[in-house]
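Undergrad: Can you keep this structure in mind? I'll have questions shortly.
The values are calculated or read from the model by the stated rules, or taken from the named source; none is laboratory data. Note that the structure is a prediction, hence the values are computed from the model and not measured. All Cβ positions, even for glycine, are placed from backbone atoms using ideal geometry, and neighbour counts span all protein chains on display. Side chains are part of the model used for accessible areas, which takes the heavy atoms of the whole protein and leaves out ligands, DNA and RNA. Shrake-Rupley method; radii C 1.70, N 1.55, O 1.52, S 1.80 Å.
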Amino acid sequence: MDLPRRPRRNRVNGPLRALVRETSLSPEHLVMPCFAREGRNLSEPISSMPGCHRHSVDRLVERAREWSDLGIPAIALFPATGPEAKTADARAALDPDGLVPRAVRSLKDALPHLLVITDIALDPFTDHGHDGLLSPDGRIENDSTVEVLSAMALVHARAGADLVAPSDMMDGRVGAIRESLDRGGFLDTGILAYTAKYASAFYGPFRDALGSAPRSGDKKTYQMDPANRREAMLEADLDEAEGADILMVKPGLPYLDVLRELRDRTTLPLASYHVSGEFSMLKAASERGWIDYGQSLLETLIAFRRAGADLVLTYGAADAARLLA
Ligand code: PBG
């Protein structure tokens, strides 16, 4: 054949493929989400998330040291709270000696260079499992919830959190949290905003891990409708105007189009959250011998980077870092 252009020429061997590779993936792009629990010397496996555990704080620090040694720069911390920490008013979320502040202090003491990102939402602390406060008629109240979230962010900042990550999807929370942090003197504590967080079935294993599935109803009055893309741009404009430092899309793979469009719209760094259900699907299929876990994980992570993510939250962060080493 008389072909002037033969794209295969750029694929003939590994070094050439590396030379023309358009996107890169390295451990420094990854954030490890992890679960803290009360107690000592405990690592409780999460059955719906193979390889993941609820760690007591002492154990979490040990694991975090391993992740950091693998080149992972940051962790996203979630509390697996006991029933004693769950009330209608979520007051345990504001306890300066609660599980999260204690974990943050221990982590930052032991590993000052590891960035700690804390979750700002009320679901681990409400007895009904919703991310916000419930009104008597069963609605999730926006403005009163935002007040608690702003105070919660300040508690985390005082404990040493590098970034706070509101995952609640209340309106106006980024601005209120920014104001609360600034007034408290935490000008350099960043906000990683869950900008486009969809009401997704892929959070199932996470809710299992935390025992945080809503007791009644669903999260569709605050999390976004999976059918909507333009609405994500509205959320992004608001978060950016309110002072977010990084914008996130969640879940990951099913929403790459949203990520891609945001990439063209904002100059802020973008994050993608490869959520629990997405991770567990890879694990489950590989346990059955249907796909290769490591290769499918790396392919998934490079897809996030290709679509425009600067950073990726994934439960496979340590596995990926080992494979990339
Ligand atoms: C709750 C929260 C959820 C996740 C992160 N923060 C679950 C939810 O909204 O019900 C999901 C993360 C995952 O599935 O990996 N604020």
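Undergrad: Against the definition (buried (at least 16 other Cβ atoms within 10 Å of the Cβ), modelled with pLDDT of 95 or more and of a type in the set (A, V, I, L, M)), how does L3 come out, yes or no? Walk me through how you get there before you give the answer.
TA: Working: buried (at least 16 other Cβ atoms within 10 Å of the Cβ): no; modelled with pLDDT of 95 or more: yes; of a type in the set (A, V, I, L, M): yes.
Spelling it out, it is not the case that L3 is buried (at least 16 other Cβ atoms within 10 Å of the Cβ), modelled with pLDDT of 95 or more and of a type in the set (A, V, I, L, M).
Undergrad: Does S135 satisfy the criteria of being loosely packed, with under 15 Cβ neighbours inside 10 Å and of a type in the set (S, T, N, Q)?
TA: yes
Undergrad: Just to confirm my filter: which helices (runs of 4 or more DSSP H) fall fully inside the stretch 194-299 and include at least 3 residues that are under 26 Å from L134 (Cα atoms), open to solvent by 30 Å² or more (accessible area, probe 1.4 Å) and within 12 Å of the ligand (Cβ to nearest atom)? Give the steps one after another, and end with the answer.
TA: Working: elements: 204-210, 230-242, 256-265, 276-287.
It comes to 204-210.
Undergrad: Quick one: which of R229, R207, R215 is modelled with pLDDT of 95 or more, touching an Asp or Glu at 6+ places or on another chain (Cβ under 9 Å) and among the basic types (K, R)?
TA: Numbers: R207 fails: modelled with pLDDT of 95 or more; R215 fails: modelled with pLDDT of 95 or more.
After applying the criteria, what remains is R229.
Undergrad: Is it the case that R105 is open to solvent by 60 Å² or more (accessible area, probe 1.4 Å) and outside any loop (DSSP other than H, G, I, E, B)? Even if it seems obvious, please write down each step before you answer.
TA: On the way: open to solvent by 60 Å² or more (accessible area, probe 1.4 Å): yes; outside any loop (DSSP other than H, G, I, E, B): yes.
Answer is yes for this residue.
Undergrad: Let me ask you something else. For the stretch 170-180, check the following and say yes or no: at least one residue is outside any helix (DSSP H, G or I), buried (at least 20 other Cβ atoms within 10 Å of the Cβ) and touching a strand residue (DSSP E or B) at 6+ places or on another chain (Cβ under 6 Å).
TA: For the stretch 170-180, residues outside any helix (DSSP H, G or I), buried (at least 20 other Cβ atoms within 10 Å of the Cβ) and touching a strand residue (DSSP E or B) at 6+ places or on another chain (Cβ under 6 Å): absent.
Undergrad: Next question. Test R65 against the criterion of being open to solvent by 50 Å² or more (accessible area, probe 1.4 Å) and either of a type in the set (S, T, Y) or within 19 Å of A151 (Cβ to Cβ) (or both), and give yes or no. Let's see the steps before the verdict.
TA: Details: open to solvent by 50 Å² or more (accessible area, probe 1.4 Å): yes; either of a type in the set (S, T, Y) or within 19 Å of A151 (Cβ to Cβ) (or both): no.
No, not satisfied.
Undergrad: If I filter the stretch 200-213 for residues that are under 20 Å from L311 (Cβ atoms) and touching a strand residue (DSSP E or B) at 6+ places or on another chain (Cβ under 7 Å), do I get at least one hit? Spell out how you get there, then give the answer.
TA: Taking the stretch 200-213 and keeping what is under 20 Å from L311 (Cβ atoms), we get 200, 202-203, 206.
Still in the list and also touching a strand residue (DSSP E or B) at 6+ places or on another chain (Cβ under 7 Å): none.
Taking every residue of the stretch 200-213 in turn, none turns out to be under 20 Å from L311 (Cβ atoms) and touching a strand residue (DSSP E or B) at 6+ places or on another chain (Cβ under 7 Å).
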